[in-house]
């Protein structure tokens, strides 16, 4: 067995577990501490498998069972077990840990052969370490996930169950509840001291609070630990369960355990056989597959984008379109060209505005000169060779010069 992690979890761990189940493990723990217990490594063959049927109605078909998602038929149902006392890591003498269960659920949700998932619960709960991570994985899956209680789902089991899309129990007398948090504390120091073991603890001068809270617990002073550790964890646990199971009352949140028949519509949707739950899982998988196919064909197409990418149409999954590297490069290049064209257009517009401004200025000057023509005349006397004087109107010469310049710039004749 994975001894160090197992013993550390038992001795120091904070647990979300049913008290009755926890007490039942005490004789086993006593044998572990007395070196009287030996465990053989076991392989949990039922931790996951896939079921597939050619029939739309599960109860009328014989399921094919696969021990690998790769071997399963398309749109199969992944069945994943959550059983026994839950710990973060796998125990060689027990079921898979929460870390491995989370990986299985993610693998099933992403696999092209899996259409839905059924998580089978038979657990009294377990350690807090790793619990929220597994709950987050269940809650974030994309394919339908059904929770099926087959025996009990208590404490940490309820937390995981609450993240499933739909929840069912196998029997009216299945046990569900024990919502709360406790600390598991086994003080083996006195027993070891009787064997002659002496304990010495030395902390640095700067580390006055190092292990202080744990030492208080060993002395029987629990209140500070309860306030600073257990209460925040319990509040988070309870608030999440209330959010996921909106019909729960304070009666269900104080740590009591209930029969499934008494919490229908509260902690479970209904009581069904395993075959009925599989049928429901198949129904949800078929419905999601139909909706996905419809979204692929009914998505509004963009004529210009399709032309850039060189495709007749684009398909989407859940409203998302995925482009390969070549398509992304083509779209980026087209956008770059458009940006350059926009820049060139803005430059041309700026030049046009400048030219129009100059034209308007010249037009104003011409109008001014034209309006003043003849108002003030000056005559320049030029003597020719015959010593005759001729008169020349300087104002009209200025007007003609300005008019010629204006026409040259604007191309508009007066």
Expressed in whole Å with the largest first, what are the equivalent ellipsoid semi-axes of region 184-292 derived from the C-alpha gyration tensor as the square root of 5 times each eigenvalue?
48, 18, 17
For 48, 214, what's the fewest-to-most ordering of other Cβ within 10 Å of each Cβ?
214, 48
With a 10 Å Cβ neighbour count serving as the proxy for reagent exposure, in which order, fewest first, do 173, 183 appear?
173, 183
Grab the eigenvalues of the alpha-carbon gyration tensor for region 109-218, scale each by 5, take roots, and send me the semi-axes largest first in whole angstrom.
42, 19, 12
Least to most buried among 168, 89, by other C-beta atoms within 10 Å and fewest first, runs 89, 168
Could the peptides 359-365, 239-245 be put in order, highest first, of the mean number of other beta-carbon atoms found within 10 Å of their residues?
239-245, 359-365
Would you mind putting 138-149, 76-87 in packing order, based on average other-beta-carbon counts within 10 Å, highest first?
76-87, 138-149
Length gained if residue 224 through residue 136 is fully extended, taking 0.36 nm per residue and subtracting the Cα-Cα distance, is 28.7 nm
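Bear in mind that the values in this text are calculations on the coordinates, not laboratory data. Bear in mind the structure is a predicted one, so any value in this text is a computation, not a measurement. Virtual Cβ from ideal backbone geometry, glycine too; neighbours counted across all protein chains shown.
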